[in-house]
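Working notes, structure below.
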Amino acid sequence: MALYHVSLRQSHDLTATTRRKWSNSFFVEAPSAAAAAAWGVGLWEGYLRQAVRERVWCYEVYATSVVEGDDDYIVQGVPPGSQRGQLPAGSGEPYGKEYCVSVTIPAVEGRPSRKFWRPGLTEGDITNGENLSLGLVNAIEAAFNSALGAVTMLDPDGQTLVGPVRARLSIRRLGRESGENLPAPPPLG
């Protein structure tokens, strides 16, 4: 089996902030890009949608082989009924678009992996401008730890990622083109 780079492509429809899109990357060994993409859809549906608010959604999964010269790739849509996150709406206005949650995932050997997770932060999630609410931290950590306990997730070097993860408030700017060619939001509810 080959190592595949799997990107969950996400967006939001928070009303007080300019819409954007982004992706979160994961790695998995799979027999084909189609199998890797199906793994990514399953990761979203079974685990990670429990770590984002209902105003955030995953619209497609992109999977590509990391083997040089291999052009095995696929884009697979996420079923409309499974696109939106499962956490209830937060309180207050959306928090700054550059703020996210840094999720540190230990590896069996080597450096931990870090995911910059955008759960749809609101003012009610932040205390004193620097701390995440414990409820949101627990939800994100539980979703990632459940995923790591059920599926094999790798880092770019092929090292197995393990729990427990650690989540904290962080800043990560989105790219210039993150506001272009935005997907249409799926219906709420």
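The values are calculated or read from the model by the stated rules, or taken from the named source; none is laboratory data. Just so we're clear, the structure is a prediction, and the values are computed from it rather than from any experiment. A quick note on method: Cβ atoms are made from the backbone with ideal geometry, for glycine too, and the neighbour counts reach across all protein chains shown.
Taken together, the residues in segment 133-174 that are free of Cβ contacts under 8 Å to residues at least 40 places away in the same chain and under 26 Å from GLY77 (Cα atoms) amount to 3. Only one of the listed residues (LEU188, LEU169) is farther than 17 Å from LEU48 by Cβ, of a type outside the set (Lys, Arg) and surrounded by 12 or more Cβ atoms within 10 Å (Cβ to Cβ). That residue is LEU169. Checking each residue in segment 116-132 for being surrounded by 12 or more Cβ atoms within 10 Å (Cβ to Cβ) and in a loop (DSSP other than H, G, I, E, B) picks out ARG118, PRO119, GLY120, LEU121. Would you say ASN128 is more than 13 Å from the chain's Cα centre (by Cα), of a type outside the set (Lys, Arg) and at pLDDT 95 or above? In short, no. Is one or more of the residues making up segment 11-21 within 20 Å of PHE144 (Cβ to Cβ), touching a helix residue (DSSP H, G or I) at 6+ places or on another chain (Cβ under 7 Å) and buried (at least 18 other Cβ atoms within 10 Å of the Cβ)? Checked segment 11-21: no residue is within 20 Å of PHE144 (Cβ to Cβ), touching a helix residue (DSSP H, G or I) at 6+ places or on another chain (Cβ under 7 Å) and buried (at least 18 other Cβ atoms within 10 Å of the Cβ). Of the set (1) at positive phi; (2) touching a residue at least 60 places away in the same chain (Cβ under 8 Å); (3) touching an Asp or Glu at 6+ places or on another chain (Cβ under 6 Å), all apply to GLY120 but (3). Please work out which residue is surrounded by the fewest Cβ atoms within 10 Å (Cβ to Cβ), limiting yourself to segment 76-115 and to residues that are within 16 Å of the chain's Cα centre (by Cα) and over 28 Å from SER133 (Cβ atoms). Applying the filter and picking the extreme gives GLY77. Checking each residue in segment 133-159 for being touching a strand residue (DSSP E or B) at 6+ places or on another chain (Cβ under 7 Å) and either closer than 28 Å to ARG19 by Cα or part of a loop (DSSP other than H, G, I, E, B) (or both) picks out SER133, VAL137, ALA139, ILE140, GLU141, PHE144, THR152, MET153, ASP155, PRO156, GLY158, GLN159. Inclusion of GLY135 among residues that are modelled with pLDDT under 90 and surrounded by fewer than 15 Cβ atoms within 10 Å (Cβ to Cβ) is not warranted.
Pairs linking a residue in segment 6-30 that is farther than 14 Å from LEU48 by Cβ to a residue that is outside any strand (DSSP E or B) and at pLDDT 95 or above, with Cβ atoms under 7 Å and 6 or more positions apart or on different chains, are ALA30/ALA36; ALA30/TRP39. GLN50 meets each of the listed conditions (1) buried (at least 22 other Cβ atoms within 10 Å of the Cβ); (2) over 13 Å from ARG9 (Cβ atoms) apart from (1).
The condition of being buried (at least 19 other Cβ atoms within 10 Å of the Cβ), part of a loop (DSSP other than H, G, I, E, B) and within 18 Å of the chain's Cα centre (by Cα) does not hold for PRO164.
If you go through segment 14-73 one residue at a time, how many are of a type outside the set (A, V, I, L, M) and under 11 Å from the mean Cα position of the chain (by Cα)?
Residues meeting the conditions: 12.
Residue-wise test of (1) among the hydrophobic types (A, V, I, L, M, F, W, C); (2) over 13 Å from ARG166 (Cα atoms); (3) in contact (Cβ under 8 Å) with a residue 24 or more places away in the chain.
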{"position": "ILE74", "(1), (2), (3)": "yes, yes, yes"}
{"position": "GLY77", "(1), (2), (3)": "no, yes, no"}
{"position": "GLY85", "(1), (2), (3)": "no, yes, yes"}
{"position": "LYS97", "(1), (2), (3)": "no, yes, yes"}
{"position": "GLU109", "(1), (2), (3)": "no, yes, yes"}
